[in-house]
Amino acid sequence: MTTTFDQLQAQSLRLKSLFGWAVGLGAFLLFSQIMYMPIKGLVFAIGTPDVADAVEKIIIVAVRSLPAIALLAGLWTARQLFKSYADGAILSAQSGRLLGRVGDWLTASALLGLSVGPANAPLDHVTGSYITIQLALICVGLAIRLLGRVQAVAAEIASDHAQIV
């Protein structure tokens, strides 16, 4: 059992690192590919009549980026979850709450994706496969949220039982 526990901690430490890199890369890509050009357009529009259009474009791109931002928050929360696992809190109430939050972020991202569409395409270009992916993410997010809640409640019951015995 100790070997398995040690293996879980080691794997969790690696996943914590991987998710940290994924958040950093995702934030970089989100800024560089989605926000860089509108911000550059705003800088060049300062002092011209085009500044209102540049500000509007930034707002539209920022709103359209909300699903990606929610996914980045989910990655960061997953990183915290794997840090908790690496620290030995595999079946704790805290890790259950973190797992639930990962599900919340997935659900939020999918709901935002359904409401604002993909970042670089108009809503009239949204396809059935895009909607299907978003619906699947909502279902997976809700399932992960429930699993996190079950784990948190089970850990609380185990803690109460340990105090009684």
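Could you pull out the residue among 102, 61 that is part of a helix (DSSP H, G or I), of a type in the set (A, V, I, L, M), touching a Pro at 6+ places or on another chain (Cβ under 8 Å) and closer than 25 Å to residue 135 by Cβ?
61
Scan the range 50-71 and give yes if some residue there is closer than 15 Å to residue 19 by Cβ and open to solvent by 30 Å² or more (accessible area, probe 1.4 Å), otherwise no.
Within the range 50-71, one or more residues are closer than 15 Å to residue 19 by Cβ and open to solvent by 30 Å² or more (accessible area, probe 1.4 Å).
Name the residues in the range 7-58 that are among the β-branched types (Val, Ile, Thr) and assigned to a helix (DSSP H, G or I), would you? Spell out the reasoning first.
Initially, the range 7-58 is screened for residues among the β-branched types (Val, Ile, Thr), giving 23, 34, 39, 43, 46, 48, 51, 55, 58.
If the condition is that a residue be among the β-branched types (Val, Ile, Thr) and assigned to a helix (DSSP H, G or I), then 23, 34, 39, 43, 51, 55, 58 are the ones that fit.
Is the range 85-99 home to any residue that is of a type in the set (A, V, I, L, M, F, W, C), free of Cβ contacts under 8 Å to residues at least 12 places away in the same chain and not in a helix (DSSP H, G or I)?
Looking through the range 85-99, at least one residue is of a type in the set (A, V, I, L, M, F, W, C), free of Cβ contacts under 8 Å to residues at least 12 places away in the same chain and not in a helix (DSSP H, G or I).
Within the range 128-165, can you find the residues that are loosely packed, with under 12 Cβ neighbours inside 10 Å, among the β-branched types (Val, Ile, Thr) and more than 21 Å from residue 67 (Cβ to Cβ)?
157, 164, 165
Condition check: over 30 Å from residue 30 (Cα atoms), among the aliphatic types (A, V, I, L, M) and modelled with pLDDT of 90 or more. Does residue 143 satisfy that? Show your work before the answer.
Values: over 30 Å from residue 30 (Cα atoms): no; among the aliphatic types (A, V, I, L, M): yes; modelled with pLDDT of 90 or more: yes.
No.
Residue 45 passes all but one of (1) without any contact (Cβ under 8 Å) to a residue 60 or more places away in the chain; (2) under 24 Å from the mean Cα position of the chain (by Cα); which number fails?
(2)
Do we have any residue at all in the range 105-119 that's without any contact (Cβ under 8 Å) to a residue 40 or more places away in the chain, of a type in the set (Phe, Trp, Tyr) and closer than 27 Å to residue 30 by Cβ?
Yes, that holds for at least one residue.
Looking at the range 110-127, which of the residues that are assigned to a helix (DSSP H, G or I) and at pLDDT below 85 is least open to solvent (accessible area, probe 1.4 Å)?
In this case the residue turns out to be 123.
Does residue 95 qualify as being small (Gly, Ala, Ser), open to solvent by less than 40 Å² (accessible area, probe 1.4 Å), within 23 Å of residue 154 (Cα to Cα) and touching a Ser or Thr at 6+ places or on another chain (Cβ under 6 Å)?
Yes: the conditions hold for residue 95.
The values are calculated or read from the model by the stated rules, or taken from the named source; none is laboratory data. This is a predicted model, so every value here is computed, not measured. Positions of Cβ are backbone-derived with ideal geometry, glycine not excepted, and every protein chain shown enters the neighbour counts. Areas reflect the complete protein model, heavy atoms only, side chains present, ligands, DNA and RNA absent. Shrake-Rupley method; radii C 1.70, N 1.55, O 1.52, S 1.80 Å.
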